[in-house]
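One structure is given below, encoded as structure tokens.
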Amino acid sequence: MTTTPYLPPEITEETELHDLRSSRAAQRALDFYLKEDMSASVPDDALFVINPGISQEEALVHASDLLRCAAATAYESASSHQGNHRDLAFSVVYLIDMAKAMVERSSQAHEAHANG
């Protein structure tokens, strides 16, 4: 049996340069090494933008709420599966619960530091 080797599509040098010029990573690298004041990142393709004025405490509370919702979703998913799929979904619940506990601990430490 003879197989034909896989040949990747040919990419021209002009295409590579164009891709690099439009790359955000390349722009950040150039900004870092060549500019004194780095250009602000443009969240043009971001699904959401975090309010720059949000406090650390508000951010931690919101993160805790998001983790609680993610855990509830993963738990419901685990409940509707069996076997390995169920085990994997419950492992996600466990990981989310650990992350939520760390966020809540950080929030408590922040409150204690602010009040003490």
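Quick notes on this structure:
- Put His110, His81 in order of accessible area, highest first, and with a 1.4 Å probe you get His81, His110.
- Solvent exposure, largest accessible area first (probe 1.4 Å, DNA, RNA and ligands not counted), of Leu47, Leu34, Leu88, Leu67: Leu47, Leu34, Leu88, Leu67
- Across region 73-90, coupling constants 3J(HN,Hα) worked out from phi with the 6.51/-1.76/1.60 Karplus curve, θ = phi - 60°, read 5, 5, 5, 4, 5, 5, 5, 9, 10, 9, x, 4, 5, 5, 4, 5, 5, 5 Hz, and Gly and Pro carry x.
- Note on region 77-116: the C-alpha convex hull projects to 2.8 nm² when averaged across all orientations.
- Highest average first, the peptides 98-109, 52-63 ordered by how many other beta carbon atoms sit within 10 Å of their residues are 98-109, 52-63.
The values are calculated or read from the model by the stated rules, or taken from the named source; none is laboratory data. Keep in mind that what you see is a predicted model, and the values were worked out from it rather than measured. Heads up, the Cβs are rebuilt from the backbone with ideal geometry, glycines too, and the neighbour counts pull from every protein chain shown. All accessible areas refer to the heavy atoms of the entire protein, side chains included, with ligands and DNA or RNA removed. Shrake-Rupley method; radii C 1.70, N 1.55, O 1.52, S 1.80 Å.
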